[in-house]
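Comments concern the structure below.
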Amino acid sequence: MSGVRVMSEGTYDLVVIGGGPGGYVCAIKAAQLGLKTACIEKRGALGGTCLNVGCMPSKALLHSSHLYHEARHEMAAHGISVGEVTLDLDAMMDNKDKVVEGLTKGIEGLFKKNKVDYVRETGTIIAPGKVKAGDRELTARSIVIATGSESTPLPGVEIDEKRVVSSTGALDLDAVPGHLVVVGAGVIGLELGSVWGRLGSEVTVVEFLDHITPGMDAEVAKNLQRILTKQGMTFRLSTKVAAIDNSGERLKVSLEPAAGGDAETLECDTVLVAIGRRPYTEGLGLDNVGIATDRRGMIEVGDHFETSVEGIHAIGDVVRGPMLAHKAEEEGVAVAELLAGQKPHVNYDAIPGVIYTAPEVASVGRTEEQLKEAGIEYRVGKFPFLANSRARATGQTDGFVKLLVDASTDRVLGCHIIGADAGTVIGEVVLAMEYGASSEDIARTCHAHPTLEESVKEAALAAFAKPIHM
Ligand code: FAD
Ligand code: NAD
């Protein structure tokens, strides 16, 4: 879209509905590319789930609770005595709230800098090219839906966000629960279970399947479960929550074997329901224009993020693919470039996923299970952090790097890391995969010493020749 146009107020090249990582990034990029852009966000703050009740508050609490745990249990081994360590939960929560406020205000600043109009209302599509926002009607050549997701409810269980909480309530408890039951051994359950476990809760994780973190490389998942169990988390696998009785002072959670059988009751103070997230489209007016959704309520899109209605695109958690902030951001940039006449591409084979437990878990590309199922011949290069000098120096020797490469071409197909800073270490493998690198390419790249990243080089050496340090 180029050339000079005279536009009346409320007329835009692009109206983005939703100000999360998908929507705000799309709006900024579109404005940078010269499109007159508005972003409608109803929650009163920009940044969506991620900045307000997701990635950022959870990472602030993960960091704070990790420091508390280190002060109590790990510093002595380094010769540091800190005396009695006490917890001021209110101060910890205030710090988290300040982090969130600073970040959301920062996005407002970016909107001003890039001349994106920020509309603090609920956006409802009333016709192609027309969006109602409060008492305003905005006209747009293109509309991008980026309305995100919400917690999936557990049938028959009422979330009061005080005692029976979703992730939102679990980020804002006013006291450390004596016993926290987490329903769902996924990313949220393990991250927020870790936070409260470090702060003193007994944590029991109830998972329907017979393994944790479905979709993760099975060897890594097993190791993660072993390490978290050592940290004090209890896992009840192949088990479902049949009911929660909230009538008494303590909650009574009825557990049943997933395959059926006798129920048993757990008493606890707080239940976190973290069984996944579902697309959010309430009040968006999909029916007004006939936008197609699938049976899970996800907006159906084609390869260029186009919905079933011309001029309306959709990105982020509300469409297929992993529900991750950086995936939403990539799609936001891509759709903005597309609307500006460019030919962008999102490489879904190179989107990393990180679980911010201690140690972290990071993965990109295919798992061994997926390669086997697809009948692809592969080689494995593995290297333990126990043999990495930096990990030895800092005492963070749990875990390993596992690199999966094509048996005939040596091209990197996937990487799975459990270990300290795994989320950072995986970065070089993502870049390598983006450029179609082989394990030999990684192994012949000079890595600084001593770094945890040297374990990636050694895993690459193990895949194409032999590791030096093992
Ligand atoms: P959202 O961030 O959900 O934003 C959508 C926005 O649209 C919301 O602000 C909503 O208010 C607004 N909206 C909805 N309907 C309307 C309407 N009709 N009009 C106006 N506004 C509307 N991902 C990671 O990559 N890393 C992490 O560490 C991570 N941690 C997480 C921790 C938790 C506890 C949770 C819950 C999620 C986490 N995620 C993480 C996932 C991440 O938050 C989402 O993938 C990401 O926010 C999706 O971005 P989005 O823009 O698609 O949607
Ligand atoms: P999830 O899909 O990661 O895990 C849900 C777990 O609940 C699964 O193990 C599933 O088998 C289990 N489950 C489902 N129904 C159940 C039931 N009735 N009883 C017991 N267990 C049941 O979902 P989540 O942890 O809620 O996270 C939602 C999304 O948020 C994820 O898609 C994730 O991508 C995103 N997220 C990402 C990060 C991160 O990137 N670090 C952090 C938090 C959330």
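The table below gives the values:
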| read-out | value |
| --- | --- |
| Sole residue being aliphatic (A, V, I, L, M), touching a helix residue (DSSP H, G or I) at 6+ places or on another chain (Cβ under 9 Å) and open to solvent by 20 Å² or more (accessible area, probe 1.4 Å), chosen from A387, A391, A407 | A387 |
| Members of the range 239-262 that are within 15 Å of ligand 2 (Cβ to nearest atom), surrounded by 12 or more Cβ atoms within 10 Å (Cβ to Cβ) and aliphatic (A, V, I, L, M) | V241, A242, A243, I244, V253, L255, A258 |
| Criterion: away from ligand 1 (no atom under 16 Å from the Cβ) and either among the hydrophobic types (A, V, I, L, M, F, W, C) or open to solvent by less than 20 Å² (accessible area, probe 1.4 Å) (or both) - qualifying residue of V220, V144 | V220 |
| Elements of type strands (runs of 3 or more DSSP E) contained in the range 106-173, each with 1 or more residues being free of Cβ contacts under 8 Å to residues at least 60 places away in the same chain, on the phi < 0 side of the Ramachandran plot and of a type outside the set (A, V, I, L, M, F, W, C) | 130-133 |
| Matching option when the condition is more than 28 Å from Y348 (Cα to Cα), touching a Ser or Thr at 6+ places or on another chain (Cβ under 6 Å) and not in a loop (DSSP other than H, G, I, E, B), among L228, L255, L272 | L255 |
| Condition check for L180: among the aliphatic types (A, V, I, L, M), in the same structural domain as L237 (by TED's automatic domain parsing) and closer than 19 Å to V157 by Cα | yes |
| All positions within the range 12-51 that are near ligand 1 (Cβ under 9 Å from one of its atoms), hydroxyl-bearing (S, T, Y) and over 14 Å from A314 (Cα atoms) | T49 |
| Selection status of D172, more than 15 Å from ligand 1 (Cβ to nearest atom) and either closer than 14 Å to F235 by Cα or open to solvent by 10 Å² or more (accessible area, probe 1.4 Å) (or both) | no |
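The values are calculated or read from the model by the stated rules, or taken from the named source; none is laboratory data. Keep in mind that what you see is a predicted model, and the values were worked out from it rather than measured. Ideal geometry is used to build each Cβ from the backbone, glycine not excepted, and the neighbour counts take in all protein chains shown. With ligands, DNA and RNA removed, areas are computed over all heavy atoms of the protein, side chains included. Shrake-Rupley method; radii C 1.70, N 1.55, O 1.52, S 1.80 Å.
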